[in-house]
C-alpha cells in the first residue's frame, strides 16, 4: 500500500512538472497588461554603387510601450507607442545621429522622421488568440526600415507573444511559416530547456524578402535571401517573449537609381520586454 502511494505521488509530481514546462497556446495572456519593450538593432550593409564598394552602418535603439486590453470573445486591442529612439548611421565616412533624449545635438533631417514616428500611435485589433486582424499607423515605422516596425502584420500573432499552434514540451521541435507578397519565412523551432518558469527556444529561420525602402532620400528595391538564428526566452504562463537575441545574414541584389548591385546585410537584434 505504501509503495502504491509513493508511486502515485511520483506520477503526480512528474505530471505536474511536465505541465509546468509545457508551452500551451491557450496560455497566451488574456489579462489587460502594459508592457515596455526595449530593442537594439545593429545593421551593417555592404553594396556597390557606380562600381565602388560602399559600407553602411546603422544602429537603432528604441523603447516602446504596448497597452493591451483584456481579451474578450470578440478579441482585444493594443496601442503601441515609441517613447524613446536613438539612431546612428555612417555611410562613406559621413556620420549622422539623432537621440530623442537630446534632440538639439542630432541631425535635423533624421530628427524630423523620428518625431513623426514618436507622435504616431499604432492601433492594433486582435482576435481572442492575439492574432492581428487590423493594423493602423505602422506605415511610418515601416518607412524607416531597419526592423524598427517589428513584426507587426495582419494574420500574425502580436509580436510580444510566441507564435504557437500546439502544446510543446522540452526537446520538442516544430515548424511554421509566413508567406506574403513581400516575403517568405520558414521558422524551425526547438524547445531547448526550462528553468524558473522560463522556456528557452532556439529558432532557425530561412527568409526570402523583396523590399522597398528609402536610403538617403532615394528609393531602394531589394531582393534578399538568408538565415536568422534566434534565441527566445518565453514566460510559460503568458507566452510573452521576455528576451530575444537574433543574428540575421542576408544576401542578394539592390536596385537604386536604375542600377542593380550585389548587397549583403548583417544584423544583430536584442529585445527585452518587461
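The values are calculated or read from the model by the stated rules, or taken from the named source; none is laboratory data. Fair warning: this is a prediction, and the values are worked out from it, not measured in the lab. All Cβ positions, glycine included, derive from the backbone under ideal geometry; neighbour counts span all protein chains shown.
Number of residues in region 211-237 that are at pLDDT below 90 and surrounded by 14 or more Cβ atoms within 10 Å (Cβ to Cβ): the value is 5.
Checking region 201-221 against the condition returns no match, with no residue being in a loop (DSSP other than H, G, I, E, B) and closer than 25 Å to residue 30 by Cα. The residues listed here are 227, 242, 192, 237; of these, the one that is in a loop (DSSP other than H, G, I, E, B) and touching a residue at least 12 places away in the same chain (Cβ under 8 Å) is 237.
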